[in-house]
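Below you'll find the structure, written out as structure tokens, and then a few comments.
The values are calculated or read from the model by the stated rules, or taken from the named source; none is laboratory data. Quick caveat, the model's predicted, so the values are computed rather than measured. We place every Cβ from the backbone using ideal geometry, glycine too, and count neighbours over all the protein chains shown.
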Amino acid sequence: MGRVVTVHFVGAGPGAADLLTVRATRLLAAADLVLYPGTYLDPGVLEHCGPAAELVDTQHLDLDRITDLLVRGVAGGRNVVRLTSGDPSLYSALAEQTRRLTAAGVAWDVTPGVPAYAAAAALVGRELTVPLVTQSVVLTRTRARSTPMPESESLERFAATRATLVLHLAIRRVRELMAEIEPEYGADCPVVVVHRASQPGELVLRGTVATVADAVERAGLRQAAVVLVGRALANDGGESFLYDRSRDRSGTRGPGGRGEAGEPGGLSGGASTPTG
């Protein structure tokens, strides 16, 4: 029985060659054809590919051409990897590509990657969910030269939650966006802008809702940046009950399968077995 040829959608992470998953590096090493987003990718990521692999930069290709390359690659019996920046679950055009592959009878699977916002938060050493400050994160984008946003997903509505905001594709509109959220977040609310997190040209700008636009303009940033907004970035607030000394830990792996994190299955996500 012959092997099943599949298109592997692989999250390339924020760009650094050493922030890929082990699975991602194995798939790249075995690939005959790799399609990658040259605009956002550190070339070092492609060093995981074999010397004979064909590498195609998709930044100037439309969806029809990309799909054609993927389908032809599989038809030719080649191992195909479609790299996406960050994680495929966010702004990767995964939905439209996989719909077309399925219609063409081509098998596909997905390997997750480190999302850019997580790399940005790690770079500045901040947790985006701080007890008694905010326990929610809104991942969204703004419209510039891109698909219109749904009417129900206005920035004004998201700002009303005062959750930590992660703004993608927003760097060219920072000034007007900060003016839009200032009534809810306040002029002194911390803002962090991270350009090319984890890559050689990474840049971190720290400011507030009132000052960050000036910093962005001075730096001349035009793309490949994520904007984090929220009081959690100040790194103050309450402390989690999870690790409180007064918390009863006698039943943390009890019959209900509730683990240390207070969620079904705990930190591992697996089922627990009653003991004692």
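Can you find even one residue in region 158-172 that is assigned by TED's automatic domain parsing to the domain that holds VAL227, among the polar types (S, T, N, Q) and outside any loop (DSSP other than H, G, I, E, B)? Show your work before the answer.
To start, the set of residues in region 158-172 that are assigned by TED's automatic domain parsing to the domain that holds VAL227 comprises 158-172.
Now drop any that are not among the polar types (S, T, N, Q), which leaves 161, 164.
From the residues that got through so far, the ones that are outside any loop (DSSP other than H, G, I, E, B) too are 164.
Looking for residues that are assigned by TED's automatic domain parsing to the domain that holds VAL227, among the polar types (S, T, N, Q) and outside any loop (DSSP other than H, G, I, E, B), one finds at least one in region 158-172, hence yes.
For residues that are in a strand (DSSP E or B) and of a type in the set (Asp, Glu), scanning just region 42-89, find the one that is nearest to the chain's Cα centre (by Cα). Give the derivation first.
Keep residues of region 42-89 that are in a strand (DSSP E or B), which gives 54-57, 80-84, 86.
Now restrict to residues that are of a type in the set (Asp, Glu): 54, 57.
Numbers: GLU54: 26, ASP57: 20 Å.
Looking at residues that are in a strand (DSSP E or B) and of a type in the set (Asp, Glu), I get ASP57.
Could you grab me the full set of residues in region 140-174 that are in contact (Cβ under 8 Å) with a residue 40 or more places away in the chain and charged (D, E, K, R)? Full working, then the answer.
At the first step, the residues of region 140-174 found to be in contact (Cβ under 8 Å) with a residue 40 or more places away in the chain are 141, 162-172, 174.
Of everything in region 140-174, those that are in contact (Cβ under 8 Å) with a residue 40 or more places away in the chain and charged (D, E, K, R) turn out to be ARG141, ARG162, ARG172.
If only one of GLY201, GLY220, GLY276 is modelled with pLDDT under 95 and outside the structural domain of PHE158 (by TED's automatic domain parsing), which one is it? Let's see the steps before the verdict.
Values: GLY201 fails: outside the structural domain of PHE158 (by TED's automatic domain parsing); GLY220 fails: outside the structural domain of PHE158 (by TED's automatic domain parsing).
Result of the check over GLY201, GLY220, GLY276: GLY276.
Return the residues of region 174-188 that are out of contact with any strand residue (DSSP E or B) (no Cβ under 6 Å at 6 or more places or on another chain) and either buried (at least 19 other Cβ atoms within 10 Å of the Cβ) or within 20 Å of ASP236 (Cβ to Cβ) (or both); say none if nothing qualifies.
From region 174-188, those out of contact with any strand residue (DSSP E or B) (no Cβ under 6 Å at 6 or more places or on another chain) are 174-187; that's our starting set.
Scanning region 174-188 gives VAL174, LEU177, MET178, ILE181, GLU184, TYR185, GLY186, ALA187.
Return the total of residues in region 1-34 being without any contact (Cβ under 8 Å) to a residue 60 or more places away in the chain and buried (at least 21 other Cβ atoms within 10 Å of the Cβ). If you could, list the steps in order and put the result at the bottom.
We begin by selecting, within region 1-34, every residue without any contact (Cβ under 8 Å) to a residue 60 or more places away in the chain; these are 1-3, 17-18, 22, 25-26, 28-34.
This time we only want the ones that are buried (at least 21 other Cβ atoms within 10 Å of the Cβ), so: 28, 31, 33-34.
Qualifying residue count, region 1-34: 4.
Could you identify the single residue in ALA31, ALA16, ALA12, ALA24 that is touching a helix residue (DSSP H, G or I) at 6+ places or on another chain (Cβ under 6 Å), of a type outside the set (S, T, N, Q) and under 25 Å from ALA116 (Cα atoms)?
Numbers: ALA31 fails: touching a helix residue (DSSP H, G or I) at 6+ places or on another chain (Cβ under 6 Å); ALA16 fails: touching a helix residue (DSSP H, G or I) at 6+ places or on another chain (Cβ under 6 Å); ALA24 fails: touching a helix residue (DSSP H, G or I) at 6+ places or on another chain (Cβ under 6 Å).
Among ALA31, ALA16, ALA12, ALA24, only ALA12 is touching a helix residue (DSSP H, G or I) at 6+ places or on another chain (Cβ under 6 Å), of a type outside the set (S, T, N, Q) and under 25 Å from ALA116 (Cα atoms).
Can you find, within region 68-90, the residue that is nearest to LEU139 (Cα to Cα) among those that are touching a residue at least 24 places away in the same chain (Cβ under 8 Å) and among the charged types (D, E, K, R)?
ASP87
Within region 206-227, which residues are outside any strand (DSSP E or B) and touching a residue at least 60 places away in the same chain (Cβ under 8 Å)? Don't jump to the end; show me each part of the working.
Start the filter on region 206-227 by keeping residues that are outside any strand (DSSP E or B), which leaves 209-224.
Once the filter is applied, which keeps residues that are outside any strand (DSSP E or B) and touching a residue at least 60 places away in the same chain (Cβ under 8 Å), region 206-227 yields GLN223, ALA224.
Starting from region 35-54, take each residue that is in the same structural domain as GLN223 (by TED's automatic domain parsing) and closer than 17 Å to ASP18 by Cα and list its partners that are part of a helix (DSSP H, G or I) and polar (S, T, N, Q), counting only C-beta distances under 7 angstrom and pairs at least six apart or across chains.
So the pair list comes out empty.
Can you name the residue in region 92-107 that is buried (at least 18 other Cβ atoms within 10 Å of the Cβ) and outside any helix (DSSP H, G or I) and is also modelled with the lowest pLDDT among such residues?
SER92
Which ones in region 152-173 are crowded, with 19+ Cβ neighbours inside 10 Å and of a type in the set (Ser, Thr, Tyr)?
Correct list: THR164 only.
If a residue has to be in a loop (DSSP other than H, G, I, E, B) and closer than 18 Å to GLY76 by Cβ to count, how many in region 26-41 make the cut?
So the first thing to find is which residues in region 26-41 are in a loop (DSSP other than H, G, I, E, B), and the list is 31-32, 37-41.
Still in the running and closer than 18 Å to GLY76 by Cβ: 31-32.
Of the residues in region 26-41, 2 are in a loop (DSSP other than H, G, I, E, B) and closer than 18 Å to GLY76 by Cβ.
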